[in-house]
Amino acid sequence: MPDVTIKVDGREITAKTEETLLPALLAAGFDIPHMCYNEEIKPYGACRLCIVEVEAGGRRSVVSSCSYPVSDGMVVYTDTERIKKHRRMIVELLLARCPDVKEVRDLARDVGLEHEPRFAKRDKGCILCGLCTRACEQVVGVSAISFVGRGPDKEVGTPFLDRSDVCIGCGSCYYVCPVNYVEMEDEEDVRRFPQWKVEFEKVWCERLGRKVPKKMLEHFSKIAKIPEGWFEGSPAGKK
Amino acid sequence: MAKLIPDVKALEALRKKSLDERKGYKQVIAVCGGTGCHAYGCMKVIEAFRAELAKQGLAKDVRLRTTGCHGFCEMGSLCIIHPSDIFYVKITPEDVAEVVSETVKAGKVIDRLCYTDPASKKKVVKAAEVPFYKNQHRLLFAQNGMVDPKDLDDYLAIGGFSGAAAALCDLKPRDIIDKIKASGLRGRGGGGFPTGRKWEICASHESDVRYIVCNADEGDPGAYMDRSILEGNPFAVIEGMIVGAKAIGAAHGYVYVRNEYPLAVENLGAAIVKAREAGLLGEDILKTGFSFDITINRGGGAFVCGEETGLISSVMGLTGEPNPKPPYPAQRGLWGKPTVINNVETWANVPMILSKGEKWFAGMGTANSKGTKVFSLVGKINNTGLVEVPMGITLRKIVYDIGGGIPGGRKFKAVQTGGPSGGCLPESMLDSPVDFDELTKMGSMMGSGGMIVMDDRTCMVDVAHYFMKFLSEESCGKCVPCREGVPRMKAILEDITNGKGSDEAIALLQELGETVRDASLCALGGTSPNPVLSTLKYFRDEYEAHIRDKRCPAGVCKALINYSVIEDRCTGCGACARVCPTQAAVATGRPATVKGKKHDKLKAHEIVQEKCIKCGACIEACKFDAIKVE
């Protein structure tokens with residue numbers, strides 16, 4: 001794919017045509033806050049922290065850079081007063097939702113929010129960025145968790161908030177969560193996800209050199225068409 | 001079963017036959033069968049007409065036509081008798097025999113059933129003379145009154161499918177797009193994007209498959225113009241979609257319609273079946289080699305599914321949540337394929353542009369907004385209903401000339417245009433022209449065409465709170481500004497209406513509103529602060545009165561008002577005490593005042609504040625204006 005040139009805050013940078021703005025900006029060293037973006041997962045545009053101004057036809061509009069496609073010659077502003085003001089307000093809203101979440105507090109400091117949120121505090125731990133649900137769907141391919149409810153009452157959960165049958169215990173949701181909301185209890189022989197009401201028996205994996213959930217090895221063997229027992233140390237495996 | 005129409009020649013032959021058949025009737029009784037009139041029992045009126053016409057031996061000479069909505073919903077059930085144009089309102093089955101024998105047979109006007117103009121208090125006999133109709137410019141709605149929505153021949157008789165025939169036989173896709181572009185048609189669903197340009201983008205996008213979608217997910221409270229078009233004239237929407245499909249090269253279309261619109265689903269479904277049987281949908285339409293069909297997709301009633309990317313997700317069976325644009329649906333829509341989404345009213349305009357010409361269409365309206373727009377005129381207005389007006393008409397004309405002004409002679413305060421996320425415009429804006437750009441400039445929007453009129457008894461802070469409540473309940477919750485911001489605006493407004501607003505509240509609302517407006521993911525979030533920002537702009541004094549003086553000037557916010565009896569007006573009739581649900585209105589020991597004199601036996605009443613729940617029942621019941629709100 002050919003490269004395109006874009007002008008960011010007066011500086012020219014190059015990007016790949018199939019890319020969206022955010023990865024190009026990050027690669028070029030711009031400091032753009034973001035919480036719902038992960039390069040392995042399709043852009044979602046929900047946290048709105050990565051907003052920038054894009055100039056087109058003499059007008060500047062505010063767009064989420066994670067989802068905005070790059071085009072040759074485009075003009076972008078990442079650090080205008082307008083952007084900074086909106087970012088601070090977005091972080092203030094997040095902080096009012098999750099006042100005790102360290103990552104959100106750090107973010108507030110980073111964007112220059114100097115006061116406590118002016119809204120009544122809630123005590124949520126999840127910012128609803130959807131990284132866990134999307135990783136589960138797009139990367140793992142099981143959709144064990146998803147969003148439940150709508151609007152202000154939305155939350156992440158398993159179907160009917162009951163024990164998830166399809167969860168494989170891989171922990172992608174735990175690893176990808178930007179605010180450490182997803183809980184994973186990883187013991188010697190068992191791995192638990194209290195929020196999803198599931199626990200998994202762990203078995204020895206020769207390839208990883210440690211114990212991992214058995215259901216996860218089975219799932220990956222199946223989708224990658226790997227002979228049974230390969231992970232455990234073929235052919236019989238070390239059970 | 002409709003007969004197959006093999007080609008254009010046969011279509012024109014059938015049109016001529018339908019016209020001749022209709023000329024065979026001496027009169028037509030067109031009874032409105034829209035949803036509003038259904039509620040008034042129009043189906044019983046229609047049955048009564050059918051029976052009465054048969055009884056009086058008129059079934060062959062007089063055609064009874066059940067039509068779609070005529071728009072004047074305040075006056076249902078209603079009928080128009082053609083060709084005399086005699087217009088009867090609020091008719092019941094009991095009136096029918098008289099209408100048939102007196103008016104249809106003897107040509108006499110029944111005074112009692114005529115419409116009374118509330119302004120002049122005069123009876124109006126003909127539909128064309130009724131101010132509500134006279135001051136409109138009815139194109140789409142005129143058709144509504146002329147066709148039975150389930151009768152394909154009716155639609156052919158008014159020139160139906162001639163636009164589609166031209167598009168399929170005589171025009172290249174490029175020509176159709178050029179015509180629509182030249183007409184200046186802009187999307188009626190809210191965004192106002194130029195329709196021809198949208199089609200052009202879609203057609204120019206390389207793809208093996210393209211789709212057409214009709215957005216009939218009208219979710220605004222109080223708005224029902226798309227519903228009425230779909231119920232009343234579904235063939236026009238189908239024809240528009242055929243034209244659009246030919247223009248962009250689509251073989252399949254979807255109508256996404258709310259499941260709460262059963263009559264629209266029924267009539268559209270029937271029309272699709274008829275069109276398919278007649279060969280106007282399906283394979284090789286009119287032997288032109290072009291194939292196109294339509295599927296109805298019933299929506300579950302989420303407001304956000306009216307947003308085009310949310311709608312696309314919903315059609316594909318995903319959660320109805322919007323996605324960031326670009327890519328626009330015209331580039332990547334249903335199943336990743338280029339998709340044109342237009343709303344019902346836009347599609348219904350397309351056949352007219354094809355048959356009457358783009359110049360004719362562009363001749364109506366303002367520089368950048370062409371044609372007519374249907375508004376659903378509701379609220380504190382005498383003539384509630386659907387009105388179709390040329391773009392550029394002033395708000396004052398809509399409210400006063402067509403709407404007949406404010407009931408009870410009260411004072412106009414504001415009109416909210418564009419649905420729940422539209423702005424509230426004050427009296428000083430009444431002479432502004434109504435078009436896409438002007439409304440946006442004023443801090444409101446065209447939206448899909450909701451228009452809610454408010455009088456001086458409306459508290460604007462309370463109104464803003466009401467809409468923030470609606471929008472926070474309808475937010476999909478995907479992006480932070482809308483999900484977190486709208487409920488915060490609602491909470492701040494709630495505090496203000498409860499007399500607990502802080503001095504910083506106005507500035508915070510402004511700041512928060514601007515972020516939600518600029519930084520939300522979709523247009524639903526982006527427009528949601530309009531009710532707040534527009535009332536802050538035009539009615540700031542009301543906010544200040546609530547916050548600083550702890551006073552609700554309109555006398556609405558319960559925490560800030562008290563009901564009390566003006567003792568020398570109280571006649572001691574006891575009406576207040578009878579309706580008060582909490583026994584807060586009670587008789588005192590003091591004498592009442594009857595005709596200016598103190599009365600020994602009748603006792604003046606008072607309202608016990610501790611018991612009063614401020615429901616307003618007493619004030620409604622009091623005939624002597626003896627109860628005041630402060």
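The values are calculated or read from the model by the stated rules, or taken from the named source; none is laboratory data. Everything quoted here is computed from the prediction, not taken from an experiment. All Cβ positions, even for glycine, are placed from backbone atoms using ideal geometry, and neighbour counts span all protein chains on display. Keep in mind that these areas ignore ligands, DNA and RNA; they rest on the heavy atoms of the full protein, side chains included. Shrake-Rupley method; radii C 1.70, N 1.55, O 1.52, S 1.80 Å.
What number goes with the only condition from (1) more than 21 Å from the chain's Cα centre (by Cα); (2) open to solvent by less than 10 Å² (accessible area, probe 1.4 Å) that B:GLN510 does not pass?
For B:GLN510, the exception is condition (2).
Kindly evaluate A:PHE200 against the criterion of being in a strand (DSSP E or B), open to solvent by less than 60 Å² (accessible area, probe 1.4 Å) and within 25 Å of A:LEU94 (Cβ to Cβ).
Taking the combined requirement at face value, the residue does not satisfy it.
Go through segment B:193-209 and count every residue that is among the aromatic types (Phe, Trp, Tyr) and in a helix (DSSP H, G or I).
1
If the requirement is being touching a His at 6+ places or on another chain (Cβ under 9 Å) and away from chain A (no Cβ under 14 Å), which of these qualifies: B:ALA554, B:ALA559, B:ALA577?
On inspection, the qualifying residue turns out to be B:ALA577.
Based on what the data block shows, is B:THR535 among the polar types (S, T, N, Q) and open to solvent by 20 Å² or more (accessible area, probe 1.4 Å)?
It is false that B:THR535 is among the polar types (S, T, N, Q) and open to solvent by 20 Å² or more (accessible area, probe 1.4 Å).
I need a count of the residues in segment B:247-260 that are open to solvent by 10 Å² or more (accessible area, probe 1.4 Å) and of a type in the set (Phe, Trp, Tyr).
1
Tell me the residue from B:ILE285, B:ILE296 that is over 21 Å from the mean Cα position of the chain (by Cα), in contact (Cβ under 8 Å) with a residue 24 or more places away in the chain and buried (at least 22 other Cβ atoms within 10 Å of the Cβ), please.
Criteria check complete, one pass: B:ILE285.
In this structure, is B:VAL28 in a strand (DSSP E or B) and crowded, with 16+ Cβ neighbours inside 10 Å?
Against the criterion (in a strand (DSSP E or B) and crowded, with 16+ Cβ neighbours inside 10 Å), B:VAL28 qualifies.
Kindly list the number of the only condition in (1) within 14 Å of chain B (Cβ to nearest Cβ); (2) over 20 Å from the mean Cα position of the chain (by Cα); (3) open to solvent by less than 50 Å² (accessible area, probe 1.4 Å) that fails for A:SER71.
For A:SER71, the exception is condition (3).
Looking at segment A:1-30 only, could you name the residues that are free of Cβ contacts under 8 Å to residues at least 40 places away in the same chain and in a loop (DSSP other than H, G, I, E, B)?
Answer for segment A:1-30, where residues must be free of Cβ contacts under 8 Å to residues at least 40 places away in the same chain and in a loop (DSSP other than H, G, I, E, B): A:MET1, A:PRO2, A:GLY10, A:GLU18, A:ALA28, A:GLY29.
Out of the residues in segment B:513-531 meeting the condition of being among the hydrophobic types (A, V, I, L, M, F, W, C) and more than 8 Å from chain A (Cβ to nearest Cβ), tell me which one is surrounded by the most Cβ atoms within 10 Å (Cβ to Cβ).
B:VAL516
Being in contact with a Pro (Cβ under 6 Å, 6 or more places away or on another chain) and either within 14 Å of chain A (Cβ to nearest Cβ) or assigned to a loop (DSSP other than H, G, I, E, B) (or both) narrows it down to one residue among B:SER448, B:SER472, B:SER444; which is it?
B:SER472
Answer yes or no as to whether B:TRP335 is more than 27 Å from the chain's Cα centre (by Cα) and either away from chain A (no Cβ under 13 Å) or among the aliphatic types (A, V, I, L, M) (or both).
Against the criterion (more than 27 Å from the chain's Cα centre (by Cα) and either away from chain A (no Cβ under 13 Å) or among the aliphatic types (A, V, I, L, M) (or both)), B:TRP335 qualifies.
Quick check on segment A:152-183: of everything there that is more than 14 Å from chain B (Cβ to nearest Cβ), of a type in the set (Val, Ile, Thr) and surrounded by 19 or more Cβ atoms within 10 Å (Cβ to Cβ), which residue is nearest to B:SER475 (Cα to Cα)?
Within segment A:152-183, the match that is nearest to B:SER475 (Cα to Cα) is A:THR158.
Under 6 Å between Cβ atoms, at least 6 apart or on separate chains: pull out the pairs that start in segment B:310-324 with a residue that is more than 13 Å from chain A (Cβ to nearest Cβ) and part of a loop (DSSP other than H, G, I, E, B) and end on any residue that is surrounded by fewer than 22 Cβ atoms within 10 Å (Cβ to Cβ) and among the β-branched types (Val, Ile, Thr).
none
So which of A:ARG88, A:ARG97, A:ARG122 is surrounded by fewer than 16 Cβ atoms within 10 Å (Cβ to Cβ) and within 14 Å of another protein chain (Cβ to nearest Cβ)?
A:ARG122
Can you find, within segment B:480-490, the residue that is farthest from A:VAL148 (Cα to Cα) among those that are open to solvent by 10 Å² or more (accessible area, probe 1.4 Å) and within 7 Å of chain A (Cβ to nearest Cβ)?
Looking at the filtered set, the residue picked out is B:ARG488.
Give the number of residues within segment B:299-309 that are in a loop (DSSP other than H, G, I, E, B) and either surrounded by 24 or more Cβ atoms within 10 Å (Cβ to Cβ) or not aliphatic (A, V, I, L, M) (or both).
3
For B:LYS373, are the conditions met, namely being more than 18 Å from B:ILE242 (Cα to Cα) and open to solvent by 50 Å² or more (accessible area, probe 1.4 Å)?
no
Name the residue, out of B:ILE80, B:ILE5, that is among the β-branched types (Val, Ile, Thr) and either more than 28 Å from B:LEU377 (Cβ to Cβ) or part of a helix (DSSP H, G or I) (or both).
Exactly one residue qualifies, and that residue is B:ILE5.
Please work out which one of (1) over 27 Å from B:VAL434 (Cβ atoms); (2) within 17 Å of the chain's Cα centre (by Cα) is the condition B:ASP217 fails and give its number.
Here B:ASP217 clears every test but (1).
Could you please let me know if B:GLY499 is small (Gly, Ala, Ser), surrounded by fewer than 19 Cβ atoms within 10 Å (Cβ to Cβ) and more than 14 Å from chain A (Cβ to nearest Cβ)?
Against the criterion (small (Gly, Ala, Ser), surrounded by fewer than 19 Cβ atoms within 10 Å (Cβ to Cβ) and more than 14 Å from chain A (Cβ to nearest Cβ)), B:GLY499 qualifies.
Give the residue that is surrounded by the most Cβ atoms within 10 Å (Cβ to Cβ), with candidates limited to residues of segment B:311-338 that are within 15 Å of B:TYR254 (Cα to Cα) and among the hydrophobic types (A, V, I, L, M, F, W, C).
B:LEU311
What helices (runs of 4 or more DSSP H), lying completely within segment B:528-588, carry at least 1 residues that are in contact with a Ser or Thr (Cβ under 8 Å, 6 or more places away or on another chain), under 27 Å from B:LYS413 (Cβ atoms) and small (Gly, Ala, Ser)?
B:530-538
What are the pairs, 6+ residues apart or on separate chains, where a residue within segment B:271-282 that is closer than 13 Å to B:THR295 by Cα has its Cβ under 9 Å from a residue that is of a type in the set (Asp, Glu)?
Pairs that qualify, where the first residue is closer than 13 Å to B:THR295 by Cα and the partner is of a type in the set (Asp, Glu), are B:ILE272/B:ASP293; B:ALA275/B:GLU239; B:ARG276/B:ASP293; B:LEU281/B:ASP293; B:GLY282/B:ASP293.
A quick yes/no check of all residues on (1) part of a loop (DSSP other than H, G, I, E, B); (2) within 16 Å of the chain's Cα centre (by Cα):
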site: B:SER376; (1), (2): no, yes
site: B:VAL389; (1), (2): no, yes
site: B:ILE398; (1), (2): no, yes
site: B:GLY404; (1), (2): yes, no
site: B:VAL415; (1), (2): no, yes
site: B:PRO420; (1), (2): yes, yes
site: B:SER428; (1), (2): no, no
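When you look at A:PRO33, is it under 16 Å from B:CYS479 (Cβ atoms) and surrounded by fewer than 24 Cβ atoms within 10 Å (Cβ to Cβ), yes or no?
yes
Restricting to segment A:97-152, what's the tally of residues that are part of a loop (DSSP other than H, G, I, E, B), within 27 Å of A:ARG82 (Cβ to Cβ) and within 14 Å of the chain's Cα centre (by Cα)?
So the answer is 4.
Please tell me if B:GLU567 is away from chain A (no Cβ under 14 Å) and over 33 Å from the mean Cα position of the chain (by Cα).
yes
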